[in-house]
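The values are calculated or read from the model by the stated rules, or taken from the named source; none is laboratory data. Model, not experiment: these values are computed from the prediction. All Cβ positions, even for glycine, are placed from backbone atoms using ideal geometry, and neighbour counts span all protein chains on display. All accessible areas refer to the heavy atoms of the entire protein, side chains included, with ligands and DNA or RNA removed. Shrake-Rupley method; radii C 1.70, N 1.55, O 1.52, S 1.80 Å.
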Amino acid sequence: MIIANNPELESWIDVPAGSDFPIQNIPFGVIRKSNGKIRCASRIGNYTIDLYALAKNGYMDGTGIKDRKVFRKDKLNDFIAGGKPVWKAVRQRISELFEKNNPHIRDNAEDKAKILNHINDVEMLMPVEVGDYTDFYSSIEHATNVGKMFRDPENALLPNWRHLPVGYHGRSSSIVISGTNIHRPKGQTIANDSELPSFGPSKLFDFELEMAFITGRKSELGDNVPVNEAEDYIFGLVLFNDLSARDIQKWEYVPLGPFLAKNFGSVISPWIVTLDALEPFRVKGPIQEPKVLPYLQSEGNRNFDIQLEVLIQPENAKESRVCLSNFKYMYWNICQQLAHQTVNGCNINVGDMYASGTISGTAPDSFGSMLEISWGGSKSIQLTDGSERKFVQDGDTIIMRGWAEKDGVRIGFGECRTKVLPAK
Ligand code: CA
C-alpha cells in the first residue's frame, strides 16, 4: 500500500466530515493568494498548502525537487516534468508534515502562517498549461445512445468502436478553470424543415460529463507508449465539462467530426488528483468483446470507481441533480487511450489533456449529457424549482462533482462549475 493512502492517517488540519480533501488525497493545483502571489499548492480540508513556502523553509529537502522555483510558477508543468518519483516523494512528504503527530509545522506559528491559507482566501487558477487536447468517446453507453439517436437504432455502434478508442484532437485554448462562465455560442444550424442553414445563438446548449487525465512525461516523436507502461506517463485526473452545442454539431460534424460545437469552452475542476490517491479505487473495466488487438491489451485493474454527478442550478433557485454516473463504466481505460494515441508515433508532452468522452451508465438517470437525458430533446426533465429542461438555459449553472469512497476515506475532486451566459 502507498503509505500516504493509509486510511488510519489523520491530519492536524481540521477536515470537515464529507470533505473531498482528507490527508489521503493531497491533490495539486495553483492558487493566487490574497497578497497576489501565485503558488503551486496542495490542499487538506479547507486549507491550501503553499508548496513554495514549504520548499523555502526546507520542508521539501530530499524529495528530489532540484529547484524550488518550480513551485513559484503559475502552472504545475515544471513540477510535473520532474517525473513520477518526485510527485510521489512530494505527496508522501506532505502526508508526513501534516500528519497529526508531526509537530514541525503544527507547532510553528510563523511557518504555519506562511504555508496555510483558507480556501476562501485564495483564487484557484488553471493548474496546467495544456499543450494538446484529445477528446475520446470511450463510454459504450454514451456512444450507443448517440448512435441510436443520430443513426440506426439497430446498428448504433460503428464497426470500429469496439476495436479502438475513438477520439479527435480538440482545442486547448478554450479549456478553462471551474468558475469561468461561458457565453452561449453562435453558429450555423439547420432547421429540420429547411434546406439552408441560418446563423444565430445555439438553441441546444449541453454539457458532457467527462473526466480528463493529464500527462506528466513526454515521449519522443516516433515512439509509442506501451499500454502497460501508460500510467508512468499519467500525473492525475480532473473533472471535465465538455460544453457542446448540439445543433451546431449536427450540421457541421460531417465528415470530419466536431469543430465549433465543442471548442467554445471546456471547464475543468481546479485540483488534479493523482493516480496514487486513486489507487485504492481501482476496479476491473467492462469485458471487451471482441478481444482487442495486442497493443491495446491492458493488464490489471485500470478502471476507477469514481462517483460522478451533474447538477443544474437555475438563477435564484436550488441545484437539482440531473445525472449520477461513474467513471468505472468506461469501456476503454486511460492506458488504452494513451497507448492508442501514441501507437502511430505521435509524441505527447507534459501537460497534455485527454478527456474520456461523456460518461454514461445504462440507466437514464446516469446519462452524462442533456442530449441523452432528454433523448434528443423529445422529453423534459423537471428541476426542483418546478421548471423544465431539455437542454441548458441561459443563467443556469452547471455543477459537476466527483468522489471515490472506501474504508471511511473519501477522495474527491471538488467542483467543476460554470454558468451559461447569454450569447454575446
Ligand atoms: Ca466530449
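Where in the range 219-284 are there trypsin sites (Lys or Arg not before Pro) that are in a DSSP coil and have at most 13 other Cβ atoms within 10 angstrom of their Cβ? Working shown, then result.
Values: sites: 246, 250, 262, 282, 284; in loops: 262, 284.
Within the range 219-284, the qualifying trypsin sites (Lys or Arg not before Pro) (loop, at most 13 other Cβ atoms within 10 Å) are 284.
Comparing Cα centroids, the range 237-254 and the range 44-116 end up 38 angstrom apart.
Surface composition of the chain: carbon plus sulfur atoms contribute 49% of the solvent-accessible area (1.4 Å probe, protein chains only, all chains present). Packing order of peptides 15-22, 376-383, highest average first: 15-22, 376-383 (average count of other Cβ atoms within 10 Å over each peptide's residues). For residue 102 and residue 35, the FRET efficiency from 1/(1 + (r/R0)^6), where r spans their Cβ atoms and R0 equals 25 Å, is about 0.40.
How high is the relative contact order of the chain, given as a whole-number percent (alpha carbon pairs under 8 Å, six or more residues apart)? That works out to 20 percent. Taking Cα atoms only, the orientation of helix 84-97 departs from the longest principal axis of the chain by about 60 degrees. Per residue, the solvent-accessible area of the chain (1.4 Å probe, heavy atoms of protein chains only, all protein chains present) comes to 43 Å².
Using a Förster radius of 25 Å, what is the FRET efficiency between residue 6 and residue 46 based on their Cβ-Cβ separation? Nearest 0.05, please.
Details: r = 22 Å, r/R0 = 0.88.
For R0 = 25 Å, the calculated efficiency reads 0.70.
Taking R0 as 22 Å, what's the FRET efficiency between residue 186 and residue 152 from their Cβ-Cβ distance, rounded to 0.05?
On the way: r = 31 Å, r/R0 = 1.43.
After rounding to 0.05, the efficiency reads 0.10.
Once the Cα atoms are used to define both axes, helix 140-150 deviates from the longest principal axis of the chain by about 30 degrees. For the range 1-148, the relative contact order works out to 28 percent when only alpha carbon pairs closer than 8 Å and six or more residues apart are counted. If a paramagnetic tag sat 7 Å from the Cα of residue 123 along the Cα-Cβ line, which residues of the range 34-56 would have the backbone N under 11 Å from that point? Zone members listed by number: 34-38.
Residue separation times 0.36 nm, minus the C-alpha to C-alpha distance between residue 160 and residue 74: what's the value?
Numbers: separation 86, 0.36 × 86 = 30.96 nm, distance 4.08 nm.
Working it through step by step, the gained length comes to 26.9 nm.
Pairs exceeding 27 Å between alpha-carbon atoms, taken from 203/379; 75/284; 33/218; 250/284: 75/284; 33/218; 250/284.
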